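Quick notes on the structure that follows.
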Amino acid sequence: MLMRRLGAAAAGVSMLGTVATLASAAGSVSGTSIQSVTAQSDGTVIVLFTNFIPGRPSCAGSTNEMVFNSTTAAGKTLLSVVTSAFLAAKTVNAAGTGTCTGPRENMGSITILP
């Protein structure tokens, strides 16, 4: 009986490791520019990059777009940086979260390069 419980616990830990590995796939793009920014009435912001985003999770059908919710505190910060980079035509690095909203990966961070 004890062996059965230990075996089930080990299987659970093994499955958790697999889930963590699958969830950790996130896209990132370096040295790109922002081609367009679309703001929707529900607060959704779609950022179109000039370059393909490698490493996207399987839920992200869009190859060069990321999305975020501008109604949250984090989203307002992302919107500020995205807008600044777009208006100044700056080169950026961006990383996704590994999760999606619709066919686009959620943006986790963006960095304006010098």
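What follows draws every value from the coordinates through simple rules; no lab data is involved. Please read all numbers here as calculations on a predicted model, not as lab measurements. Cβ sites come from the backbone with ideal geometry, for glycine too, and all protein chains shown count toward neighbours.
Per-structure values
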read-out	value
Compactness of segment 26-112 - radius of gyration and Dmax, Cα, Å	11.3, 32
S36 paired with L48, simple spin-label distance in nm, labels 7 Å along Cα-to-beta-carbon	0.3
